[in-house]
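Data first, discussion second: the structure below is written as structure tokens.
The values are calculated or read from the model by the stated rules, or taken from the named source; none is laboratory data. Only a predicted model underlies this, so the values are computations on that prediction, with no experimental measurement involved. Note that we place each Cβ from the backbone using ideal geometry, even for glycine, and neighbour counts take in every protein chain shown. With ligands, DNA and RNA removed, areas are computed over all heavy atoms of the protein, side chains included. Shrake-Rupley method; radii C 1.70, N 1.55, O 1.52, S 1.80 Å.
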Amino acid sequence: MEEAKQPVFGGEAERIGTRLDLATDEFLKETKTCRALQIAPGNGQLTAMEFVAYLGINLQLEPELAWIAREMLAAPMPPQASLKVSKAGVCYFHDLVNDYYTIEHPLTQRYLKVLERQRLDLLCLRTKPSVNGLLFSQPDMLFHKQFRNLQIPCQACNVMQSTLKCNECLMSFCQSCADSLHKNALGPRKNHTFLTTACGSLCSTCTVKKPQVFCANCEDYFCFKCFEDMHRRGNRLQHKSMLVSVSDGDIIEPQKRCEECEDRPAAFACDYCLDNYCVQCFWKCHFNGHRRQHTASKVSVVPMCNQCQNVRATIFSEQTQELMCTECFTMLHAKGNRMLHLFMDAMDPLILLERLDPAFQEHMRRARPRILWALSQLQGWVKGIEARRNFKKRKDVVLMIQRRWRGVLTRRRLLGMLHMHKWRRRQVNNYFLPKTAAERRAVKQKTAAMLAAKDVTTRAANQSLLELRSTIINTSSADPLEDPTMTRDSMENLPGGAMSTASFFNASQTGGFKGGSQTMPAGVSPYTNYDQSSRFNGSMTGPVGNKQTQDLANKDIRKVGGDTLRQITRLD
């Protein structure tokens with residue numbers, strides 16, 4: 001028995017030619033740029049919300065496209081691919097033909113193409129209000145997530161009250177529609193789980209009859225008899241209530257065949273021709289003439305697939321003009337040119353009938369190029385705005401860099417000039433400084449001698465001023481015309497007048513004043529400044545200052561009353 005071949009890696013693989021390293025690198029690059037499907041925590045399988053995020057559908061802006069995510073959820077794997085799930089819940093796919101793994105769903109390109117086409121058709125439908133008004137433009141998936149017990153009519157037949165809610169499709173069904181869509185399915189739909197809605201049970205009081213009235217205050221369902229018994233008296237008389245529209249719907253006869261082609265199941269019955277037609281044959285026979293005015297009734301509330309006849313048809317193939325279920329469409333379009341076929345939503349046959357109207361098809365054929373032209377113009381305009389905004393940002397950044405660089409250069413130039421000025425000034429100053437130690441000592445000695453001579457001169461001047469002051473004070477009593485007290489006060493008011501004669505003699509005996517040159521401001525200055533000079537301002541000012549000087553030219557001698565001769569000679 002031969003040994004099983006071991007996988008080879010690295011240089012050996014490169015030499016052999018399997019290029020496993022390159023394939024691994026390509027896989028890693030692909031996983032970085034691809035969206036991945038991942039089962040949410042607490043769920044056992046994928047739901048429609050994962051495919052909404054995978055395809056990039058915005059339920060707030062385009063809720064009409066949620067059916068594409070549901071169809072991709074229900075689509076089985078093509079024959080050449082298989083689904084794998086990791087321990088983290090991430091779904092990846094094995095290509096059985098080429099033997100490689102990827103996280104991109106094998107049907108991604110098909111459903112992205114359908115999504116692109118349906119987005120274009122939505123914009124075209126805005127120009128046809130008669131058909132656009134039939135679309136349900138509310139995010140029903142978000143309603144189901146936010147209101148888990150939301151009670152609405154069946155979203156498949158729109159006739160019966162919904163009794164079940166599919167946790168994966170995020171849709172509400174009556175029992176028959178849920179069975180026709182899930183019971184005989186061959187794809188992932190067969191494993192879907194359900195929740196019973198409030199109307200799925202019986203009357204909340206008697207639990208025998210079907211609910212017929214909903215009480216908004218009690219938030220519960222009742223049959224007529226129980227509602228009357230519970231709300232006959234008291235505060236319950238004021239409760240608000242509404243009828244629950246429960247109907248048996250139209251007669252469902254799936255065995256009827258189209259009377260025109262005698263092949264497909266009949267979907268509509270003409271009210272005037274009294275014949276049964278499939279979707280394709282109805283418009284073939286009612287395209288021209290008075291038949292354009294004929295009305296139709298649904299023969300089958302839930303049309304079955306034309307291929308398997310077991311599952312409810314959910315899509316309409318645009319190329320083959322057939323109603324098909326998702327499983328049959330996927331298997332029949334797995335290879336060849338059929339992989340390029342597109343489809344439309346067929347959950348509501350009346351809306352599908354309106355969209356297949358030849359006049360509406362002609363309107364869409366003319367509107368699509370115009371919408372594409374408007375989109376291209378708008379995209380170019382928006383891209384131009386973005387390009388101009390980016391150009392302005394780049395220009396601002398470049399200008400800011402240039403300004404900062406010029407500021408740096410100018411700062412460097414100014415600092416260089418400042419350094420040059422300092423260096424030149426230092427060079428000039430150093431030129432006149434003594435160069436050797438002997439010269440520096442000689443300059444220091446000369447400067448010290450000059451400062452000492454200045455100190456001696458300052459001390460001598462201060463001593464002369466103090467001697468003069470003491471002489472004036474001592475001789476003030478010798479003159480009979482002079483008042484000694486007034487003279488002493490005047491001398492004390494002068495700068496340095498507080499220093500007494502005794503302190504002067506003490507200072508002279510101790511060897512002079514402390515810091516002779518620094519005692520100069522405390523005494524009377526021996527010098528006269530410009531303001532005190534009599535040479536330039538014409539006023540006679542002495543060391544005593546301008547305060548004590550009397551201007552005789554402005555004195556009124558008539559007002560001198562106390563200066564008599566007897567008073568001057570002190571005879572009185």
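A few points about this structure:
- One residue from Cys305, Cys325 being modelled with pLDDT under 90 and either in contact with a strand residue (DSSP E or B) (Cβ under 8 Å, 6 or more places away or on another chain) or open to solvent by less than 50 Å² (accessible area, probe 1.4 Å) (or both): Cys305
- Restricting the stretch 68-89 to residues that are buried (at least 21 other Cβ atoms within 10 Å of the Cβ) and hydrophobic (A, V, I, L, M, F, W, C), the residue that is nearest to the chain's Cα centre (by Cα): Ala69
- The condition of being of a type outside the set (Phe, Trp, Tyr) and at pLDDT below 70 holds for Leu20.
- Meets criteria (among the aromatic types (Phe, Trp, Tyr) and either closer than 17 Å to Leu375 by Cα or open to solvent by less than 40 Å² (accessible area, probe 1.4 Å) (or both)) for Tyr92: no
- Long-range neighbours under 6 Å by Cβ, at least six apart or interchain, first residue under 23 Å from Thr447 (Cα atoms) within the stretch 412-436, second at pLDDT 75 or above: Pro434/Arg440; Pro434/Val443
- Among the residues of the stretch 328-346, the one identified as in contact with a His (Cβ under 6 Å, 6 or more places away or on another chain) and open to solvent by less than 30 Å² (accessible area, probe 1.4 Å) is His333.
- Among the numbered conditions (1) in contact (Cβ under 8 Å) with a residue 40 or more places away in the chain; (2) surrounded by fewer than 10 Cβ atoms within 10 Å (Cβ to Cβ), the only one that Leu352 does not meet is (2).
- Among (1) open to solvent by 90 Å² or more (accessible area, probe 1.4 Å); (2) within 39 Å of the chain's Cα centre (by Cα) - the single one Ala387 does not satisfy: (1)
- Residue in the stretch 210-220 that is at pLDDT 80 or above, over 29 Å from Leu135 (Cβ atoms), in contact with a Ser or Thr (Cβ under 7 Å, 6 or more places away or on another chain) and surrounded by fewer than 19 Cβ atoms within 10 Å (Cβ to Cβ) present: yes
- The single condition among (1) open to solvent by 20 Å² or more (accessible area, probe 1.4 Å); (2) without any contact (Cβ under 8 Å) to a residue 60 or more places away in the chain that Lys165 does not satisfy is (1).
- Odd one out for Cys199, checked against (1) modelled with pLDDT under 75; (2) surrounded by fewer than 18 Cβ atoms within 10 Å (Cβ to Cβ); (3) touching a Lys or Arg at 6+ places or on another chain (Cβ under 9 Å): (2)
- Residue match in the stretch 454-476 (condition: assigned to a helix (DSSP H, G or I), open to solvent by less than 50 Å² (accessible area, probe 1.4 Å), of a type outside the set (A, V, I, L, M) and at pLDDT below 80): no
- Beta carbons closer than 7 Å, at least 6 apart along the sequence or on distinct chains, pair a first residue in the stretch 274-301 that is of a type in the set (Lys, Arg) and at pLDDT below 85 with a second that is open to solvent by less than 50 Å² (accessible area, probe 1.4 Å) and not in a loop (DSSP other than H, G, I, E, B) for Arg291/Cys285; Lys298/Phe268; Lys298/Pro349.
- Among (1) assigned to a loop (DSSP other than H, G, I, E, B); (2) over 21 Å from Leu125 (Cα atoms) - the single one Ile57 does not satisfy: (2)
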